[in-house]
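Please read the structure below before turning to the comments.
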Amino acid sequence: MDRPEQHGSSTNPRTRRGRLRLLAASGVAAMSLTAGLATPLNPAPHEAEAADGGKKTLTVAVAQSVDSLSPFLAQTLVSTSIHRLMYDFLTNYDAKDNSTVPAMATEWESSDDKLTWTYTIRSDAKWSDGEKVTAEDAAWTFNTMMEDEAAATANGSFTSNFKKVTAPGPDKLVVELKKPQATMTALDVPIVPKHVWEKVDDFSKFNNDQDFPVVGNGPFVLTEYKRDSYVKLTANKDYWRGAPKFDELVFRYYKDQDAAVAALRKGEVSFAAGSPSLTPAQANSLAKADNIKVNEGPGRRFFALAVNPGARTKDGEEFGDGHPALQDAKVREALFTAVDRETIVDRVFQGNAVEGEGYIPPRFGDYFWKPSAEQKRAYDPAKAAELLDDAGYEKNAEGKRVGKDGKPLDFRILCHATDPNDKAVGKYLQEWWGELGIGLKVDCLDNVSDPWAAGEYDLAFDGWSVNPDPDFVLGIHTCAALPNKPKESSATDNFICDKEFDKLYGQQLAEYDPAKRADLVKQMQSRLYDTGYMNVLAYPNAVEAYRTDQIKSITTMPQAAGNIYGQDGYWSWWSAVPADDDAGSEGSGGLSTGAMVGIGVAAVLAIGAGVLFGLRRRATAEDRE
Amino acid sequence: MTVHETTDGAAGQGGAAPRSARALARARRLHALARFWRQYRSHRGGVFGLAVLVVIALLALAAPLLAGEESRSVTDATGGALEEPSGEFLLGTDQFGRDVLALLLWGTRVSLMVGLLAAFLSVAIGALVGITAGHFKGWYATVVMRITDWFLVMPTLVLAIALSTVMARSLWTTILAIGVTTWPTTARLVRAQTLAVESRPYIERARALGGGHGHIMARHVLPNVMPLVLAQTTLVISLAILTEATLAFLGLGDPTVVSWGGLLQDAREAGAVSSGNWWYITPPGLAIALVALAFTLCGRAIESVLNPKLGVSR
């Protein structure tokens, strides 16, 4: 199973740019055109879901591929979201305020030395095949991750500090730690049924997608899956927290975002989130449509520029070809000072984002940190030019910055070919840095993970989804995350290794007092900001839309103003209430603008095809000579 | 011919004398050109195509004057995002607030340049392979023609996509990807013509007089396949422009260069199709179709003038 095209083996749900495969990309052309055409010309199939014996189906448009359905391997956001629905975790996050609430465990406590944790496992939960859920299942899951390296692929960072896990009784789970660990109430590890999984021989190959229905204990049971086509789950009527209101939940694939939006307009899908979110144009036009609600909430992601500080292994062996000038803190500061984050929020995200500050998005209020006035790298091109002069990069006659060795200052930036935001911001950076006299080559690739792991880049567009517990996104910047061997994929984000940051990281992991820990996390962000290897440009909002004639209500997270897709829990799909039976009015008649566009594009294509056909025919006739 | 040229040198000293073969040749060529133009003029489609091309070429050359350098800049953009056509922006704006009409003008340059260079590369490869394969025959021709066949059966677009995926995204990659995938047709055409030319008696005569391989291919075969190559080039250009637009639309072009296919790709990424922003999608599409059509019309006309076997079709 190939990993999602992103660097690093990591642990947590994240939207880090699940890349479309090449073929998908080529298919996209045709799809977007048919989307434009099909929408207005074909009558919408009336509420396909209602016809099915009164079964209520909630259909969600997704684009990201499932990397694996095995909880031991899955890393992409779509897969980890599905696991949230299939399996219970020890604890869950409250939809209101992200605080820890009981799930499979009803109570938990740590010993005085902070090294032993005891969980009480609920007694009223059953696996979907009728077996009882016991502490033994949880113990087996953790022990497997500790013993088998393959099983630790996705969530290994949670168990690497575990000494021993035992189940003294069916309702008692005891975890002994080597060192105190603050993430013990935020163990995002799906617990699997021992009686099913102990028959698996090789965890690195088992993808959990052969035997349906897949035995689970979450609010939904996985019943069907077809790669890049759909994932179907049915409601678990016996779920202890209460059965979901919809009978079926289907994740259907639309590799092209415009096609997903068209499907939403037609009522083929109930919900579309976009990947990573709907574009401003789509959101604006959907907001005007009947029976569609556009939901905008603060995002979990940050969108950043990452500098390659010189790739190296844990032992200090250097590799890759990062630009040496970027090891000069003044050069990095000059680059970031010449970036106008406000313009990026206004023009690229058109207001659907919050300006980047420290590191963790403001949505996680406890941990959110912003630089002080004197620390902040505010937009100031004049200061940037000054900094470059100081660093010894003077402008030459042609207006290019030249180093002492006489070489012009030219950087490369690694960009995800399928992410429009990367490309758009790339255009702005080229112009801002061009003014400074610095050349920038925007390298857009389908597969960025290889050059990323090999350290073959100067700068890169970077972004991670952040969990309520910040341990993971902080851990990717520690020395311990560096690779063992050159070019090997590892947990590191961009090869940062800073002693002071590491010291703070160790302290926060061992700190059980939430307030003190939050303070340490803020200090870490301050340190990270000062090293100047990361520049968080924006926190993009989640912009998503659903049909109000199919979904009556749905829980966002945070409940006040939050997102629906990719929550840190199963709240949205579990809580969704179907709309009353009589399907609302199907789209308006007549030719919409969409139709006009579709017809226009079709006409263009027809002419093009005619030309091609003419050429072809001529060519073959000539060939016979 | 060689004899004439020596007289030319000798006559030079005599002063007046018959105005030499060079002048004669020039007059003959002028005459041929005039005849070509007369016949070309009779193809209405060809004339229309040529007129369109001249206008578009002028627009492309004048783009910096008409649209201005700053119209491509995202930081200097004056409009709002995806504004509808208005007096200020005749074709509306893109998602960065840039004037779509100005971008369309700038895109003309890229499309024409890529089309011309890729077609040139493709035809150059095709002509080289075709002439050498037709001339040398034997095992060389067998091997080369099998390679040609292999390229011929490979779907052009798939091969071009594969090439532009593995290489860095730039205009040159696109040109190369189109060039190396579209040559087999030309190669087959040129080889057939080469075989026909080489079977004529004067080639045998040239060989008997000591003409080497290089001499025969360059002095006798090439001038004879040139008209065919010229017509082929014109036709391949439209194919190259379409392929360039396709690749850019699929996101395989250089994202920092403004091209027509790139505009379509930007529009798709902005969600313009489902949002009904027709002013952003339709103009680049029509422009691509128009230029491809114009080149095809010209190519057809040139072909029917130069190749009497095709008769009077227009």
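Exposure proxy ranking for A:TYR379, A:TYR93, based on other Cβ atoms within 10 angstrom of each Cβ and starting from the fewest, stands as A:TYR379, A:TYR93.
Given the pairs A:LYS226/A:LYS485; A:LYS114/A:LYS503; A:LYS179/A:LYS499; A:LYS132/A:LYS172; A:LYS194/A:LYS487; A:LYS132/A:LYS205, which span a C-alpha to C-alpha distance of over 25 angstrom in this model? With Cα atoms farther than 25 Å apart: A:LYS226/A:LYS485; A:LYS194/A:LYS487; A:LYS132/A:LYS205.
Give me Rg over Rh for segment B:189-314, both radii from the alpha carbons and Rh done the Kirkwood way, two decimal places. A ratio of 1.23.
The GluC sites (Glu not before Pro) of segment A:325-412 meeting both criteria, a DSSP state outside H, G, I, E and B (loop) and at most 15 other C-beta atoms within 10 angstrom of the site's C-beta, are A:GLU374, A:GLU398. Highest mean first, the peptides A:168-177, A:72-81 sorted by other C-beta atoms within 10 Å per residue fall in the order A:72-81, A:168-177.
Amide H to amide H distances under 5 Å link A:GLU394 with A:VAL402, where only residues 5 or more positions off or on other chains count and H is placed in the peptide plane. Amide H contacts of A:ASN92 (H built 1.01 Å from N, in plane; Pro and chain starts excluded): A:VAL101, A:ALA103 sit under 5 Å, all sequence-distant by 5 or more or on other chains.
Fewest Cβ neighbours within 10 Å first, please rank B:HIS31, A:HIS477 accordingly.
Numbers: B:HIS31 10, A:HIS477 26.
So the ranking, lowest neighbour count to highest, is B:HIS31, A:HIS477.
For chain B, relative contact order (Cα pairs under 8 Å, six or more residues apart, normalised by length) works out to 23 percent. Here is the short version for the protein assembly as shown: B:CYS298 have no other Cys C-beta closer than 4.7 Å. Measuring between their Cα centroids, segment B:55-110 and segment A:236-277 lie 39 Å from each other. Binning all Cα-Cα separations of segment A:71-208 at 5 Å, short to long from zero, yields these whole-percent fractions: 2, 10, 20, 25, 22, 15, 6, 1, 0.
Calculated from DSSP H runs of 4 or more alone, at -39500 (n - 2.57) each and per residue, what is the 222 nm mean residue ellipticity of the protein assembly as shown, nearest 500?
Rounded to the nearest 500, it is -14000 deg cm²/dmol.
Annotation: amide H of A:ILE360 within the under-5 Å range of A:TRP369, sequence separation 5 or more or interchain, hydrogens built in the peptide plane.
Extents of chain B, largest first, come to 73, 52, 38 Å (Cα atoms, principal axes, whole angstrom). Within chain B, the selection of entire DSSP H helices by a Cα span of 24 Å or greater along the long axis and an average Kyte-Doolittle value of at least 1.0 returns B:44-61, B:100-136, B:222-249, B:278-306.
In order along segment A:284-299, phi translates into HN-Hα couplings of 5, 6, 5, 4, 8, 6, 6, 6, 10, 10, 9, 10, 10, x, x, x Hz, rounded to whole numbers, per the Karplus curve 6.51 cos²θ - 1.76 cosθ + 1.60 with θ = phi - 60° and x for Gly and Pro.
What's the local net charge at B:ARG98, with K and R +1, D and E -1, over the other residues with C-beta under 9 Å away? Residues close to B:ARG98 contribute a combined charge of -2. Listed by Cβ neighbour count within 10 Å, with the fewest neighbours leading, A:SER575, B:SER259, B:SER164, A:SER204 appear as A:SER204, A:SER575, B:SER164, B:SER259. The modelled label-to-label distance between B:ASN224 and B:LEU30, using points 7 Å beyond Cα along the C-beta direction, is 2.9 nm.
The A:LYS288 and A:GLN559 beta-carbon pair, evaluated with R₀ = 35 Å, returns a calculated FRET efficiency of approximately 0.85. For A:LYS383, go through the lysines and keep the ones whose alpha-carbon is under 28 Å away, minus same-chain ones fewer than eight residues off. Leaving aside lysines fewer than 8 places away in the same chain, those within reach of A:LYS383 are A:LYS330, A:LYS370, A:LYS395, A:LYS400, A:LYS404, A:LYS407, A:LYS423, A:LYS427, A:LYS441, A:LYS522. Calculated from the alpha-carbon coordinates, the protein assembly as shown shows an Rg and a Dmax of 32.8, 121 Å respectively.
What's the long-distance tail for segment B:98-152, i.e. % of Cα pairs beyond 12 Å? Beyond 12 Å sits 71 percent of the P(r) for segment B:98-152.
A straight line joining the Cα centroids of segment A:456-476 and segment B:158-183 runs 34 Å. Which one, B:ARG19, B:ARG219, B:ARG200, has the greatest fluctuation when you compute a Gaussian network model over chain B with C-alpha springs under 10 angstrom? Its mean-square fluctuation being the largest, the pick is B:ARG19. In order along segment A:469-482, phi translates into HN-Hα couplings of 9, x, 3, 5, 5, 7, x, 6, 10, 8, 4, 5, 7, 4 Hz, rounded to whole numbers, per the Karplus curve 6.51 cos²θ - 1.76 cosθ + 1.60 with θ = phi - 60° and x for Gly and Pro. Counting only other chain Cβ atoms within 10 Å of each residue's Cβ, the peptide B:248-256 averages 6.
Values in this text are rule-based calculations from the coordinates and carry no lab data. All values reported here derive from a predicted model rather than from experimental measurement. Reconstructed Cβ throughout: ideal geometry from the backbone, glycine too, with neighbour counts over all protein chains shown.
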